[in-house]
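Undergrad: Below is one structure. I have some questions about it.
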Amino acid sequence: MIYRGVVAFFALCVPLLVGLVAWEIARAGWPALHRFGFSFLTSSEWNPVKRIFGAAPAIYGTLVSSAIALTLAAPLAIGVSLWLSEFSPRALRQPVAFLVDLLAAIPSVVYGLWGIFVLLPVLRDPVMPFLRDRLGLGHTPFFAGPAYGPSLLAAGLILAIMILPYIASVSREVLLAVPRSQREAALALGATRWEAIWHIVLPHARTGIAGGVILGLGRALGETMAVTMVIGNRPEISASLLAPGYTMASLIANEFSEASSDAHLSALMAVGFTLFVITILVNAVARWLVWRVERGAQGHA
């Protein structure tokens, strides 16, 4: 009975801690939210001198850069985890897995420095001109404009590298947890190796893989230093991925130490609360989708 009570207390500490963090951030950001109302989320003007604050460019940059990262990293990470769990020679499995996991241990500021000195020059020339001119994508609004280097595309690429090990590690462990008997049963019934993976292994592991993708998305939404160093930090909304942008985390990192007025500090705290809410909503929607998938699979079974 005592053990049950202690365990229940520790379990309740987690949502209590989350609630306290949310309350403190919301309390500090309430003056800005009360003053500007819903326009705080829709306005694009951020002017600390005039004490006019709008978080729309930062919200847009956060969502776009995270979407780019997830689009690039999720297929690659799942492919890596499939190769490691199903196809790799035994001699290569552990070294490659170690190198993939090592990506998660690199500090974000090191990623940022690598982005400044390696990624941005490569993007500026030849990648961005190639996408815009050679492939003809410059006629679309998504690749229009000059190739600065610092951009939403650069932020999305560096985030993709950073979240790849999280998705790959979780997916690999989930795939390895699928009972070997299920693979052997599918092969014994005449399925090819790929058919066994596609129809047996992946459906069995999809919930865990979705969890890894959610973990990577949470990391991308809140990443600060590396994104701050390569995104350009311009508070404007542009459809072009080649244009500089802003994220909520980089906005807070850049301006928190320079916030000289209560209104500016409250606006930054309101941005932090918005980022907190978006993260909670994204994870809640993702968990709901996983629940729907599991329920549908049980219904078909």
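Every read-out reported here was derived from the displayed coordinates using simple, explicitly stated rules and does not represent laboratory data. This one's a predicted model, so the numbers in the text were calculated from it and none came from an experiment. Backbone-built Cβ (ideal geometry, glycine too); neighbour counts: all protein chains shown.
Undergrad: Convert each backbone phi in segment 194-209 into a coupling constant with the Karplus relation 6.51 cos²θ - 1.76 cosθ + 1.60 (shift: θ = phi - 60°), then list the ³J(HN,Hα) values in order as whole Hz, x for Gly and Pro.
TA: Once θ is set to phi - 60°, the couplings for segment 194-209 become 5, 5, 5, 5, 5, 9, 10, 6, 5, x, 5, 9, 5, 5, x, 5 Hz.
Undergrad: How high is the FRET efficiency between TRP23 and ALA188 when r is their beta carbon distance and R₀ equals 35 Å, given to the nearest 0.05?
TA: Efficiency, rounded to the nearest 0.05: 0.05.
Undergrad: Using the Karplus curve 6.51 cos²θ - 1.76 cosθ + 1.60 with θ = phi - 60°, what ³J(HN,Hα) values do you get for each residue of segment 121-137, in whole Hz, with x for Gly and Pro?
TA: x, 5, 5, 4, 7, x, 5, 5, x, 5, 5, 7, 9, 5, 7, x, 6
Undergrad: Out of ALA267, ALA188, ALA253, any idea which swings most in a Gaussian network model of the chain, alpha carbons joined below 10 Å?
TA: ALA188
Undergrad: Using Cα centres only, tell me the gap between segment 240-274 and segment 1-25 in whole Å.
TA: A separation of 30 Å, based on Cα centres.
Undergrad: On to the next question. What's the angle, to the nearest 10 degrees (0 to 90), between helix 2-36's Cα axis and the longest principal axis of the chain?
TA: 30 degrees
Undergrad: Taking H as built 1.01 Å from N, whose amide H comes closer than 5 Å to the amide H of ILE52, not counting residues under 5 places away?
TA: The list, which skips near neighbours in sequence, is ASN47.
Undergrad: Given the rule -39500 (n - 2.57) for each run of at least 4 DSSP H residues, summed and divided by the residues of the chain, what is its mean residue ellipticity at 222 nm, to the nearest 500 deg cm²/dmol?
TA: So the calculated ellipticity at 222 nm is -22500 deg cm²/dmol.
Undergrad: Considering the chain as a Gaussian network with a 10 Å cut-off on Cα pairs, which listed residue, ARG124, ARG93, ARG172, attains the greatest mean-square fluctuation?
TA: ARG93
Undergrad: If you take the beta carbon distance between ALA239 and PHE130 as r and set R0 to 22 Å, what does 1/(1 + (r/R0)^6) give as a FRET efficiency, to the nearest 0.05?
TA: Using R0 = 22 Å, I get an efficiency of 0.65.
Undergrad: Looking only at ALA210, ALA105, ALA26, which one moves most when the chain is put into a Gaussian network model with springs between Cα atoms under 10 Å?
TA: Among ALA210, ALA105, ALA26, the largest GNM mean-square fluctuation belongs to ALA105.
Undergrad: Only Cα pairs under 8 Å and at least 6 apart count here; give the relative contact order of segment 104-206 as a rounded whole percent.
TA: Relative contact order of segment 104-206: 23 percent.
Undergrad: Determine how many Å³ per residue the convex hull of the Cα atoms of segment 87-210 encloses.
TA: Considering the Cα atoms of segment 87-210, their hull volume per residue is 167 Å³.
Undergrad: Label GLU195 and TRP30 with points 7 Å out from Cα along Cα→Cβ: what is the distance between them in nm?
TA: 6.3 nm
Undergrad: Just want to confirm a number: the relative contact order over the chain, from Cα pairs under 8 angstrom separated by 6+ residues, in percent.
TA: Once divided by the residue count of the chain, the mean separation gives 29 percent.
Undergrad: Angle between the Cα long axis of helix 56-82 and the longest principal axis of the chain, 0 to 90 degrees, nearest 10?
TA: 20 degrees
Undergrad: May I pose another question? Find how much the distance from CYS13 to TRP288 grows on full extension, using 0.36 nm per residue of separation minus their present alpha carbon separation; answer in nm with one decimal.
TA: 96.7 nm
Undergrad: Tell me, what HN-Hα J-couplings in whole Hz come from the Karplus equation 6.51 cos²θ - 1.76 cosθ + 1.60 at θ = phi - 60° for each residue of segment 224-238, using x for Gly and Pro?
TA: 10, 5, 4, 5, 4, 7, 10, 8, x, 6, 10, x, 9, 9, 9
Undergrad: Follow-up. Any idea how far the Cα center of segment 131-198 sits from the one of segment 80-96, in Å?
TA: Segment 131-198 and segment 80-96 have Cα centres separated by 16 Å.
Undergrad: For segment 1-144, what does the alpha-carbon gyration tensor say about shape, rounded, prolate or oblate, given a ≥ b ≥ c as the root eigenvalues, a/c under 1.5 as rounded, and a/b over b/c as prolate?
TA: oblate
Undergrad: Sticking with this structure for a sec: Between rounded, prolate and oblate, where does the chain land on the alpha carbon gyration tensor, with a ≥ b ≥ c its root eigenvalues, rounded for a/c under 1.5, else prolate if a/b exceeds b/c?
TA: Here the chain falls in the oblate category.
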